[in-house]
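Engineer: Have a look at this one before I ask anything.
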Amino acid sequence: MRAKINEDLKAAMKSGDRQKVDALRMINAALKDKDIEARGAGKSVSEDDALALLQKMIKSRQESLDIYEKNARPDLADKERGEIAVISSYLPQQLSEAEAAEAVKAAVAEVGAASIKDMGKVVAALKAKYTGRMDFGKASALVKAALAG
């Protein structure tokens, strides 16, 4: 993934796509920060960690986008939309709502969850299989609904 980001950065620089260059540099900086943080703990950054970081970046941009739209700042909202598009291009295809519901059912069965107390186990199983492909904020709601009734 990092090699693809660097190749795309070079291509964007050559084509003069300023917004894409800025977004790719931001991604590289976030990944380097994660590397430094992991190195301090004596670990390395896995592909799943990088995907989780990208999802976190998208979520942050989405929150900013909502604020900019509420405050009538279309210029800043457009910038956030562009960054979201660039970051999203490096994530695997997201699960549809039906696929997410099926994944939750399978995880509940796999873990043997019987009550809401087992929610953490189910979410952990989902994170192990679907990092980067599922919004775990929405997945938590699905798990809660599945275990509640």
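Engineer: Kindly establish whether SER60 is within 21 Å of ARG133 (Cα to Cα), part of a helix (DSSP H, G or I) and either assigned by TED's automatic domain parsing to the domain that holds ARG133 or not acidic (Asp, Glu) (or both).
Structural biologist: yes
Engineer: So, one more: Checking the condition under 27 Å from THR131 (Cβ atoms), part of a helix (DSSP H, G or I) and within 16 Å of the chain's Cα centre (by Cα), which residue from GLU80, GLU102 passes?
Structural biologist: GLU80
Engineer: Of (1) surrounded by fewer than 17 Cβ atoms within 10 Å (Cβ to Cβ); (2) over 20 Å from SER140 (Cα atoms), SER96 satisfies all except one. Which?
Structural biologist: Tallying (1) surrounded by fewer than 17 Cβ atoms within 10 Å (Cβ to Cβ); (2) over 20 Å from SER140 (Cα atoms), SER96 fails exactly one: (2).
Engineer: Of all residues in the range 63-77, which are under 21 Å from GLN19 (Cβ atoms) and assigned to a helix (DSSP H, G or I)?
Structural biologist: GLU63, SER64, LEU65, ASP66, ILE67, TYR68, GLU69, PRO74, ASP75, LEU76, ALA77
The values are calculated or read from the model by the stated rules, or taken from the named source; none is laboratory data. Small disclaimer: the values here were computed from a predicted structure and weren't measured. Quick reminder, even Gly has a Cβ in these numbers, built from the backbone with ideal geometry, and neighbours come from all protein chains shown.
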